[in-house]
Amino acid sequence: MNDRCDIAIIGGGPIGCALAAALRGGGFQCVVLEARSGRSAAADGRTLALSFASRLILERIGAWSAIDPVTPIVGIHVSQQGAFGRALLQAADVGLEALGYVMPFAALHEALFAVLDRSGVEVRFGTRVTRLAPALDAVCVHCSSDEGEVVLRARLAVIADGATSLGQQAGAGFCMRDYAQAAVVGMVQSASAHGNRAYERFTPHGPVALLPSSDEFALVWTCRPEAAPHLISLSDGQFLVMLQQHFGDRAGRFVSVRSRAAFALSLRFARRIVRDRIVLLGNSAQMLHPIAGQGFNLGLRDTWELARLLRRGAVSDPGIPALLARYGRSRRIDRIAGITATDLLTRIFSNDFPVIEQARGLGIALLDLLPPARRFLMRRMIFGTAA
């Protein structure tokens, strides 16, 4: 069985759904191919931190108003463990109502699905893409489902499934770095109200972040890989004692924890995000350390720019090389800056060398003392190189 479309979006996660939503009304026939058998977003307990710029994108594609719950971040307290240096980054410093927003992954995903439902975008669940075969005027997308094998001929294939295999097939070429770190995540309750303030505390083993989420904190505790299983195995009470000792009392006294999980941390990014009528987006293009919360936000900026160029180009063939090359050039600086900044922050703030520790403290203190530098940094973190 053969089939045709203008754009095949491989992956029905938030990035794939956001691209389909951003392209609606643009005259393209889009098909979203999702390996899962149905909408299982509600079972995903992850938490996402979105920048103010990401909110603007989601408003433009009609998804923002449907996301619930959403917790704004109006300030971020930055410090380092056992050394001087602290800074307070506030939304008012850059004239915004919030620096970012925290929400359940499932809430965002369902809001995006609702946009696709209203616009009639075709989503094929239970469809796994096994191979991509570029041709002169199309990409043959080989799919496997309960109904059998299907070859979908698409003028453009967008890989947004977060996996590496299809990107490798496309010749993207990946660079990787193992940070020898793991992240322990969960939801933590404090005896004190968070006041919509987030915390980023740097330690020799990596940062600890607390993000306000409803009346709790979403925790991201970076540690050595061998420490993660131990932290997961602790009783709730033991875990809270260790967290309190490690983080301190800036966020108050921790009284409960739930939904603990752990995963390894590494850097992976594609050297080429555009090749032979194929584009890589989101985690398929780059997977970053969570130290500055840039991964999803960078992916969403990539998504919006791709949709903008395709719609503005007003072309019948969305996979023409000149158009895709223009997209690759337009995202190069922001993408390199995001990858490089996240990697440098991870390496600089994950060691206990005395000289580096003092330099870190000085840098953090200067952020607090120099409003222009603080505003510059915040705008870059929120808007990327477009700021």
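Some values worked out for this structure:
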read-out: Residue in segment 248-266 that is open to solvent by less than 20 Å² (accessible area, probe 1.4 Å) and in contact with an Asp or Glu (Cβ under 7 Å, 6 or more places away or on another chain) present; value: yes
read-out: Every pair of residues 6+ apart whose Cβ atoms lie under 7 Å, when the first sits in segment 317-335 and is under 16 Å from GLY26 (Cα atoms) while the second is open to solvent by less than 20 Å² (accessible area, probe 1.4 Å) and aliphatic (A, V, I, L, M); value: PRO318/ILE7; PRO318/LEU156; PRO318/LEU310; GLY319/LEU156; LEU323/LEU309
read-out: All positions within segment 1-13 that are open to solvent by 10 Å² or more (accessible area, probe 1.4 Å) and either within 18 Å of LEU48 (Cβ to Cβ) or assigned to a helix (DSSP H, G or I) (or both); value: GLY13
read-out: Matching residues, segment 321-330, being open to solvent by 10 Å² or more (accessible area, probe 1.4 Å) and within 15 Å of LEU281 (Cβ to Cβ); value: GLY328, SER330
read-out: Filtered residue count, segment 70-81, keeping only those that are part of a loop (DSSP other than H, G, I, E, B) and touching a residue at least 40 places away in the same chain (Cβ under 8 Å); value: 2
read-out: Tally, over segment 331-378, of residues that are under 20 Å from HIS289 (Cα atoms), basic (Lys, Arg), open to solvent by 80 Å² or more (accessible area, probe 1.4 Å) and in contact with a helix residue (DSSP H, G or I) (Cβ under 6 Å, 6 or more places away or on another chain); value: 0
read-out: Matching residues in segment 328-387 - criterion: being out of contact with any Gly (no Cβ under 6 Å at 6 or more places or on another chain), at pLDDT below 90 and among the β-branched types (Val, Ile, Thr); value: THR346, ILE348, VAL355, ILE356, THR385
read-out: Qualifying strands (runs of 3 or more DSSP E) (wholly inside segment 132-232; at least 1 residues being modelled with pLDDT under 95, open to solvent by 30 Å² or more (accessible area, probe 1.4 Å) and touching a Phe, Trp or Tyr at 6+ places or on another chain (Cβ under 8 Å)); value: 174-190
read-out: Members of segment 125-134 that are touching a residue at least 12 places away in the same chain (Cβ under 8 Å) and either out of contact with any Gly (no Cβ under 8 Å at 6 or more places or on another chain) or closer than 16 Å to VAL279 by Cβ (or both); value: THR127, ARG128, VAL129, THR130, ARG131, LEU132, PRO134
read-out: Qualifying residue in segment 26-33 (condition: in contact with a Leu (Cβ under 6 Å, 6 or more places away or on another chain), open to solvent by 10 Å² or more (accessible area, probe 1.4 Å) and outside any helix (DSSP H, G or I)); value: yes
read-out: Only listed residue being aromatic (Phe, Trp, Tyr) and out of contact with any Ser or Thr (no Cβ under 9 Å at 6 or more places or on another chain), chosen from PHE349, PHE269; value: PHE269
read-out: Complete set of residues in segment 78-114 that are over 30 Å from LEU370 (Cα atoms) and within 20 Å of the chain's Cα centre (by Cα); value: MET103, PRO104, PHE105, ALA106, ALA107, LEU108, HIS109, GLU110, ALA111, LEU112, PHE113
read-out: Failed criterion for ASN297 (all others in (1) out of contact with any strand residue (DSSP E or B) (no Cβ under 9 Å at 6 or more places or on another chain); (2) open to solvent by less than 10 Å² (accessible area, probe 1.4 Å); (3) not basic (Lys, Arg) hold); value: (1)
read-out: Test: residue in segment 40-56 that is part of a helix (DSSP H, G or I), at pLDDT 95 or above and surrounded by fewer than 20 Cβ atoms within 10 Å (Cβ to Cβ); value: yes
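The values are calculated or read from the model by the stated rules, or taken from the named source; none is laboratory data. The shown structure was predicted, so the numbers you read here are calculated from the model rather than taken from an experiment. No Cβ is skipped: glycine too gets one built from the backbone with ideal geometry, and neighbour counts run over all protein chains shown. When the accessible area is computed, the model is the full protein with side chains, heavy atoms only, and any ligands, DNA or RNA have been set aside. Shrake-Rupley method; radii C 1.70, N 1.55, O 1.52, S 1.80 Å.
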